[in-house]
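A.B. asks: Quick one: this structure, given as structure tokens, is what I'll be asking you about.
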Amino acid sequence: MPKHKIGIIGATGYTGSELVRILLNHPDVEISFITSESRKGEQFSDVHPFFKNICDQTLISIKDIGKHEVELVFLALPHGVSMDFVKDHADKDFKIVDLSGDFRLKDPETYKEWYQKDHVYKEGFKTAVFGIPELFSEDIKGAKLLANPGCYPTSVILGLAPLVENNMVGPNLIVDSKSGVTGAGVKSKPVNHFSNVNDNFKAYGVKSHRHTIEIEQIVNRIGQQELKVQFTPHLLPIDRGILSTIYATPKDADKARDVSNFYKAFYQESDFIRIVDSAPGVKDVRGTNYCNIFTTYDERTNLIITISVIDNLVRGAAGQAVQNMNLMLGLEEASGLNQIPLNP
């Protein structure tokens with residue numbers, strides 16, 4: 001059977017390289033093109049030397065993608081850039097998986113409020129599908145424009161979904177998340193300079209991080225009441241990984257005592273959600289599409305405490321994008337995503 005042809009827009013960042021790493025071993029697809037405006041004409045392995053003799057494909061300009069027939073395109077572009085591509089190619093036959101935040105929110109007004117930018121393709125909000133496969137698989141299967149979730153929201157939404165979908169917790173949720181420095185992207189900024197990250201640990205975006213509204217929007221969509229999320233992210237001095245600790249007040253203490261078994265039942269059909277019996281670490285999922293979740297009830301404080309870990313570049317970006325692609329192309333959901341965690 002011929003393989004599905006796909007393209008990758010944006011090759012120089014971490015998510016672009018992770019997409020290539022995963023897709024090169026995917027049994028059902030082949031990479032027709034990879035673009036880079038700043039490095040066009042060079043080989044992909046010139047940009048990412050660890051791909052030498054593995055992927056030496058020549059990078060092309062976006063202007064030249066019309067020479068290739070593809071079924072689906074990944075956008076590994078920054079926020080504010082993806083929307084231009086989607087607008088310019090809305091009439092094309094190929095499907096789009098957008099890894100930026102340009103179409104994750106419910107409307108352009110909310111986007112402007114949190115991203116401080118006017119949206120150039122407001123029509124896209126009407127058709128974009130938010131892509132967490134464990135929750136929205138049927139919508140994803142029919143999507144032409146897929147908004148791949150953010151890294152923090154993925155870890156938090158997967159950690160909260162069983163509770164909010166079954167109306168088990170009160171309206172106020174506290175989320176404390178920590179991420180490695182690759183979450184800030186490949187471009188050098190003072191925040192991710194070695195001297196600022198090494199031997200350091202700090203909170204940022206307190207009260208104002210744009211992933212707050214993304215989390216809140218989805219938990220309210222799947223929940224049965226209006227929920228407020230107090231989200232505080234932190235920067236860890238590690239290269240990759242996210243650990244989110246979530247605190248929620250249960251409505252029924254008796255149900256809360258069995259919360260771990262409830263999670264296991266909720267995710268029993270999921271290929272990538274692993275409910276574990278002790279607090280997980282980020283190395284438990286490193287380099288994979290897994291999300292490990294530990295949950296417990298503290299009777300003393302009457303709180304359900306849930307700890308969720310993912311690799312921010314895989315489950316939080318490229319891996320989930322491939323999982324969504326599989327559903328959009330009618331493939332097995334787990335196809336090409338059988339990586340084993342790299343530990344240590």
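A.B. asks: If I filter the stretch 97-113 down to residues being touching a Phe, Trp or Tyr at 6+ places or on another chain (Cβ under 8 Å) and part of a loop (DSSP other than H, G, I, E, B), which single residue comes out as nearest to I6 (Cα to Cα)?
C.D. replies: Here the answer is L99.
A.B. asks: Would the stretch 122-132 turn up any residue that is in contact with a strand residue (DSSP E or B) (Cβ under 9 Å, 6 or more places away or on another chain), surrounded by fewer than 22 Cβ atoms within 10 Å (Cβ to Cβ), in the same structural domain as K202 (by TED's automatic domain parsing) and farther than 27 Å from K283 by Cβ?
C.D. replies: No; the residues of the stretch 122-132 include none that is in contact with a strand residue (DSSP E or B) (Cβ under 9 Å, 6 or more places away or on another chain), surrounded by fewer than 22 Cβ atoms within 10 Å (Cβ to Cβ), in the same structural domain as K202 (by TED's automatic domain parsing) and farther than 27 Å from K283 by Cβ.
A.B. asks: Let me ask something else. Out of I140, I96, report the one residue that is within 28 Å of E332 (Cβ to Cβ) and free of Cβ contacts under 8 Å to residues at least 60 places away in the same chain.
C.D. replies: On the way: I140 fails: free of Cβ contacts under 8 Å to residues at least 60 places away in the same chain.
Unique residue meeting the criteria: I96.
A.B. asks: Continuing with this model, one more query. Do we find a residue being of a type in the set (S, T, N, Q), in a helix (DSSP H, G or I) and either in the same structural domain as I304 (by TED's automatic domain parsing) or over 20 Å from I307 (Cβ atoms) (or both) anywhere in the stretch 163-171? Walk me through it before giving the result.
C.D. replies: Of the residues in the stretch 163-171, the ones of a type in the set (S, T, N, Q) are 166-167.
Checking which are in a helix (DSSP H, G or I) leaves us with none.
Within the stretch 163-171, not a single residue is of a type in the set (S, T, N, Q), in a helix (DSSP H, G or I) and either in the same structural domain as I304 (by TED's automatic domain parsing) or over 20 Å from I307 (Cβ atoms) (or both).
A.B. asks: Restricting to the stretch 223-244, give me the number of residues that are surrounded by 17 or more Cβ atoms within 10 Å (Cβ to Cβ) and under 29 Å from R300 (Cα atoms). Break it down stepwise before answering.
C.D. replies: To start, the set of residues in the stretch 223-244 that are surrounded by 17 or more Cβ atoms within 10 Å (Cβ to Cβ) comprises 223, 227, 229, 231, 233, 235-236, 240-244.
Now narrow it down to the ones that are under 29 Å from R300 (Cα atoms): 223, 227, 229, 231, 233, 242-244.
Residues flagged as surrounded by 17 or more Cβ atoms within 10 Å (Cβ to Cβ) and under 29 Å from R300 (Cα atoms) within the stretch 223-244 amount to 8.
A.B. asks: Can you say whether Y297 is part of a strand (DSSP E or B), at pLDDT 95 or above and touching a helix residue (DSSP H, G or I) at 6+ places or on another chain (Cβ under 7 Å), as far as the supplied structure shows?
C.D. replies: For Y297, the condition - part of a strand (DSSP E or B), at pLDDT 95 or above and touching a helix residue (DSSP H, G or I) at 6+ places or on another chain (Cβ under 7 Å) - is met.
A.B. asks: Scan the stretch 27-71 for residues that are within 21 Å of A90 (Cα to Cα) and part of a loop (DSSP other than H, G, I, E, B) and jot them down.
C.D. replies: Within the stretch 27-71, S36, E37, S61, H68, E69, V70, E71 qualify.
A.B. asks: G41 - would you say it is surrounded by fewer than 20 Cβ atoms within 10 Å (Cβ to Cβ) and at pLDDT 95 or above?
C.D. replies: yes
The values are calculated or read from the model by the stated rules, or taken from the named source; none is laboratory data. It should be emphasised that the depicted structure is a prediction, and the values quoted were computed from it without experimental measurement. For neighbour counting, all protein chains shown are included, and Cβ atoms are generated from backbone atoms with ideal geometry for every residue, glycine included.
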